[in-house]
Amino acid sequence: MNKDQCFQIGRIAKVHGLRGEVNVVLDVDYPEDYDGLEHLFLEQKGRLIPFFLEHFVLQPGGKALAKFEDLHSIEQVEALVGSEVYLPLTELPELEEDQYYYHELIGFEVIDEVLGLIGPVQIIYDLETQDLLGVTHQGKEVLIPIQDGIITKVDKAAKKVYCQLPEGLLDIYLED
């Protein structure tokens, strides 16, 4: 399984107890959608490796308690701590018509209310402080915050992201 066919749901934070359980910190909007998972992919040395679960139980605060099949001791799971946890894109929960996943925006055209066509979305930057669209405009990368008030509408059928850019944002990137 390749990373571009998957999405990250969290990471293994620490070992729990002595029988091979681990605590998973989830980085998802609706943790309840992942209760009772049967398998996960863990990133190990740059590759995604499938792990089957005996149980995956949600905990308060966006966490889960996971127990992997065939791993029954603290020593066996210690090496997994810090691993990023993934699922295939095919397992993403269905969204409402006006909702979207960030990865879906790659290739969409960004259109500003005043300036018109800005360019295509090339990449999504998922940062701790803010999520950004990486858009190519006049041969340069422009970073557009993914925020209400800036992103005004996403038309998935037309593959367009409509926005209202803050005044001067493009000028910052076009100056030499």
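Laboratory data are not the source of any read-out in this text; all were calculated from the coordinates shown. These numbers were taken from a predicted model, which means no experiment stands behind them. Virtual Cβ from ideal backbone geometry, glycine too; neighbours counted across all protein chains shown.
Summary of values
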read-out: Within the chain, helix-based [θ] at 222 nm, where runs of 4 or more DSSP H residues each add -39,500 (n - 2.57), nearest 500; value: -1500 deg cm²/dmol
read-out: Burial ordering of Leu127, Leu115, fewest other beta-carbon atoms within 10 Å first; value: Leu127, Leu115
read-out: Net charge of Cβ neighbours under 12 Å - reference Val135; Lys, Arg +1; Asp, Glu -1; value: -2
read-out: Shape category assigned to the stretch 3-90 from the gyration tensor of Cα positions, a/c cut at 1.5; value: oblate
read-out: Centroid-to-centroid separation of the stretch 5-20 and the stretch 30-92 [C-alpha atoms, Å]; value: 5 Å
read-out: Check: the chain dipole with +1 on Lys, Arg Cβ and -1 on Asp, Glu Cβ, in debye; value: 540 debye
read-out: Among [x] 1.03; [y] 1.10; [z] 1.08, the entry derived from the coordinates for Rg/Rh (Cα atoms, Kirkwood Rh); value: [z]
read-out: Around Lys156: net Lys/Arg minus Asp/Glu count, Cβ-Cβ under 15 Å; value: -4
read-out: Among Val121, Gln8, Val142 - extreme Cα towards positive end, dipole of the chain, charges at beta-carbon; value: Gln8
read-out: Cα gyration tensor shape of the stretch 102-174, rounded if a/c is under 1.5, else prolate or oblate by comparing a/b with b/c; value: rounded
read-out: Around His72: net Lys/Arg minus Asp/Glu count, Cβ-Cβ under 11 Å; value: -3
read-out: Members of Lys63/Lys140; Lys3/Lys153; Lys3/Lys156; Lys3/Lys67; Lys45/Lys156; Lys14/Lys159 lying beyond 30 Å, as alpha-carbon distances in this model show; value: Lys63/Lys140; Lys45/Lys156; Lys14/Lys159
read-out: The chain, relative contact order [Cα under 8 Å, separation at least 6], %; value: 17 percent
read-out: Given charges at beta-carbon only (K, R positive; D, E negative), |dipole| of the stretch 1-86 in Debye; value: 300 debye
